[in-house]
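Each value in this text was obtained by applying a stated rule to the coordinates, not by laboratory testing. These numbers were taken from a predicted model, which means no experiment stands behind them. Reconstructed Cβ throughout: ideal geometry from the backbone, glycine too, with neighbour counts over all protein chains shown.
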Amino acid sequence: MIVNGNTSAEWQYVRMTSNHYNSAAIEDPTSAAIRCFEDPTRKQSSIASVAAGSTVGFKSSNIIGHPGPVLWYLAKVPSGQSASSWKGDGNVWFKFQEKGATTDATGVHFETGMTKLTAKIPQSLSSGEYLVRVEHIALHKPGNPQHYVACGQLKVTGGSGSAQPSALVAFPGAYRKSDPGLAFNMYGSPQIIYTPRPPVFKG
């Protein structure tokens, strides 16, 4: 994780994923792995302190080479629980940033070749502990989207507390393979604008 401009040690603030040894994707969006892709034998990670309104990031050990969107979600940890152990279950996740596609006469285009992904924590959040979930959905195989997911653990400070996130979703539960954003054929004709769901929270 990239926090306050510094890249942490591996898995210091990120829950170690089940694909850390083989870079495999999740192909069933209804599986329990879709939440954080956690390795069940992982050691407990620490919690990074970040200011609301600041930028956080994830650094990948491999180049993100497949075309597809990058989506960012947050879930606030309930009072009395800790980001280091909370499961993040239920309708608690809201999307706060996404990077979709551009469309022109030559087709649909997604940025590829990245090793770092960054997002800005909304200033309007209430302070407290959160799970932050980053997801890349590879769409190079129409009808068989591949999900690459990781979750970090944050303590957000200095938030204004005015945010009331809506469009809360659960993982699993948020996606079906028939969803337009997953069943999307980037090689089809005519091309249409790609819009992943759910909507982005405007805090």
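May I ask which of Lys43/Lys202; Lys76/Lys116; Lys141/Lys202; Lys155/Lys202; Lys59/Lys120 have a Cα-Cα span longer than 26 Å here?
Working: Lys43/Lys202 34 Å; Lys76/Lys116 24 Å; Lys141/Lys202 31 Å; Lys155/Lys202 20 Å; Lys59/Lys120 15 Å.
Violating the 26 Å limit, Cα to Cα: Lys43/Lys202; Lys141/Lys202.
Under 5 Å between amide hydrogens, which residues at least 5 positions from Glu129 or on another chain qualify, with H placed 1.01 Å from N in the peptide plane?
HN-HN under 5 Å from Glu129: Val77, Val156.
Antiparallel versus total DSSP beta bridges in the chain: what percent is that, nearest 5? Don't skip to the end; give the middle numbers.
Values: 41 of 45 bridges.
Of all bridge pairs located within the chain, approximately 90 percent are antiparallel.
For segment 2-183, build the charge dipole from Cβ charges (+1 Lys, Arg; -1 Asp, Glu) around the Cα centre, then report which of Phe110, Thr55, Leu182 sits farthest towards its positive end.
The listed residue farthest towards the positive side: Thr55.
For segment 125-165, count all C-alpha to C-alpha pairs, find those more than 17 Å apart, and express that count as a whole percent of the total. All intermediate terms of the calculation are to be shown ahead of the outcome.
Numbers: 419 of 820 pairs.
Every Cα pair in segment 125-165 considered, those over 17 Å come to 51 percent.
Lys/Arg Cβ at +1, Asp/Glu Cβ at -1, dipole of segment 52-166 taken about the Cα centre: which of Trp93, His66, Ser82 is farthest positive-ward?
Ser82
Compute the length gained on full extension between Thr106 and His140: take 0.36 nm times their separation in residues and subtract their Cα-Cα distance, giving the result in nm to one decimal. Walk me through the intermediate numbers first.
Working: separation 34, 0.36 × 34 = 12.24 nm, distance 1.63 nm.
Here the segment from Thr106 to His140 would lengthen by 10.6 nm.
Find the relative contact order for the chain and round it to a whole percent, using C-alpha pairs within less than 8 Å whose residues are 6+ positions apart.
Details: 474 pairs, mean separation 57.8, N = 203.
Reported as a whole number, the value is 28 percent.
Taking 0.36 nm per residue of sequence separation and subtracting the Cα-Cα distance, how much length would be gained by fully extending the chain between Asn91 and Ser178, in nm to one decimal? Mind dumping the intermediate values first?
Numbers: separation 87, 0.36 × 87 = 31.32 nm, distance 2.03 nm.
Result for the pair: 29.3 nm of gain on full extension.
Scan around Ser31 for amide H atoms under 5 Å from its own, H built in the peptide plane at 1.01 Å from N, and keep only partners 5 or more places away or cross-chain.
none
Taking the simple approach of a point 7 Å from Cα along Cα-to-Cβ for both Ser82 and Gln12, what is their distance in nm?
Modelled inter-label distance: 1.9 nm.
What longest range of the chain stays clear of loop-exposed trypsin sites (Lys or Arg not before Pro) (DSSP non-H/G/I/E/B, at most 10 other C-beta within 10 angstrom)? The partial results should precede the final answer.
Working: sites that count: Lys43, Lys202.
My reading of the result: 44-201 is the longest stretch.
Quick one: which residues, 5 or more positions from Trp93 or on another chain, have an amide H under 5 Å from its amide H? H modelled 1.01 Å from N in the peptide plane, none for Pro or chain starts.
Val169
Read phi for every residue in segment 117-132 and hand back ³J(HN,Hα) as whole Hz from Karplus 6.51 cos²θ - 1.76 cosθ + 1.60, θ = phi - 60°, with x for Gly and Pro.
Result, ordered by residue: 10, 10, 8, 9, 6, x, 5, 7, 5, 6, 5, x, 8, 9, 9, 10 Hz.
Pairwise over distinct Cα atoms, reciprocal of the mean inverse distance: report the Kirkwood radius of segment 116-190 in Å, one decimal place. All intermediate terms of the calculation are to be shown ahead of the outcome.
Working: mean 1/r = 0.0666 Å⁻¹.
Across segment 116-190, the inverse of the average 1/r is 15.0 Å.
Compute the length gained on full extension between Asn4 and Ala167: take 0.36 nm times their separation in residues and subtract their Cα-Cα distance, giving the result in nm to one decimal.
On the way: separation 163, 0.36 × 163 = 58.68 nm, distance 2.87 nm.
Gain on stretching Asn4 to Ala167: 55.8 nm.
In segment 90-143, what GluC sites (Glu not before Pro) fall in a loop by DSSP, with at most 13 other Cβ atoms inside 10 Å?
Of the GluC sites (Glu not before Pro), not one in the loops of segment 90-143 has a Cβ with at most 13 other Cβ atoms within 10 Å.
With r defined as the distance between the Cβ atoms of Thr115 and Asn185 and R0 fixed at 22 Å, what FRET efficiency is calculated, to the nearest 0.05? List each step's numbers first, then the result.
Details: r = 27 Å, r/R0 = 1.24.
Working from the Cβ atoms, E equals 0.20.
Counting only chymotrypsin sites (Phe, Trp or Tyr not before Pro) that sit in a DSSP loop (anything but H, G, I, E, B) with at most 12 other Cβ atoms within 10 Å, what is the longest stretch of the chain containing none of them?
Working: sites that count: Tyr21, Tyr187.
Here the longest segment lacking exposed loop sites spans 22-186.
Cα extents of segment 10-68 along the three principal axes, largest first, in whole Å?
Taking the Cα atoms of segment 10-68, the three principal extents are 34, 30, 23 Å.
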